[in-house]
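Structure, as structure tokens:
The values are calculated or read from the model by the stated rules, or taken from the named source; none is laboratory data. In this text, all values refer to a predicted model and were calculated from it rather than measured experimentally. Using ideal geometry, Cβ is built from the backbone for each residue, glycine included, and neighbour counts are taken over all protein chains shown.
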């Protein structure tokens, strides 16, 4: 004795075969007549159409002319009629549904957002003592670093290196942040960014800077921008 599940499976199979075009013309007409009075069958057909034919409403159907059909038929070699086996199309249809569902979930969730780029919190223009011409630009970034960019070529005496110092208000003396190559670079700034903080480039011995700054080459003050 068949259970309700068998009836539902048979109805779903019949609806799928109808939507996939696997039924002959007479059988398809029988299904259409049955669906007119069988609400569950009509609902199953509608469900298959929604799953397998989401683009059907994007363009109105347009039948080719008789002349176009004759040209198409004349260009094709004679071949025996082909009927796709049910065990081929149904797995393909279900696989297509699964792939579409995975793609929809991927698009809905989206890719992980990229971290925001660091922005400038303060800027300083450094000039030689007694000069107003900027030679070095310093930017304090939101990621806790200082970027030092020479605006012109920096000349150094033999055996000397560039030191970069800052004097935050919380410190009793200037703090060495790092040694710089002549084309500038980036150093960590483990202090709060405050308006008016002195920053300077100094000339240091080749073996490294001491506890106090060497001769000051360029000096400026941080100006907070954000």
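Only strands (runs of 3 or more DSSP E) wholly contained in the range 171-220 count here; list those with 1 or more residues that are under 17 Å from residue 157 (Cβ atoms). Let's see the steps before the verdict.
Values: elements: 175-180, 185-188, 198-205.
Here the list reads 175-180, 198-205.
To keep it simple, each residue is scored yes or no on (1) part of a strand (DSSP E or B); (2) surrounded by fewer than 18 Cβ atoms within 10 Å (Cβ to Cβ); (3) at negative phi; (4) at pLDDT below 90.
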{"position": "136", "(1), (2), (3), (4)": "yes, no, yes, no"}
{"position": "146", "(1), (2), (3), (4)": "yes, no, yes, no"}
{"position": "149", "(1), (2), (3), (4)": "yes, yes, yes, no"}
{"position": "156", "(1), (2), (3), (4)": "no, yes, yes, yes"}
{"position": "164", "(1), (2), (3), (4)": "yes, no, yes, no"}
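Looking for something under 25 Å from residue 117 (Cα atoms) and either at pLDDT 90 or above or surrounded by 16 or more Cβ atoms within 10 Å (Cβ to Cβ) (or both) - is there at least one such residue anywhere in the range 202-214?
Here is the first cut: in the range 202-214, the ones under 25 Å from residue 117 (Cα atoms) are none.
Within the range 202-214, not a single residue is under 25 Å from residue 117 (Cα atoms) and either at pLDDT 90 or above or surrounded by 16 or more Cβ atoms within 10 Å (Cβ to Cβ) (or both).
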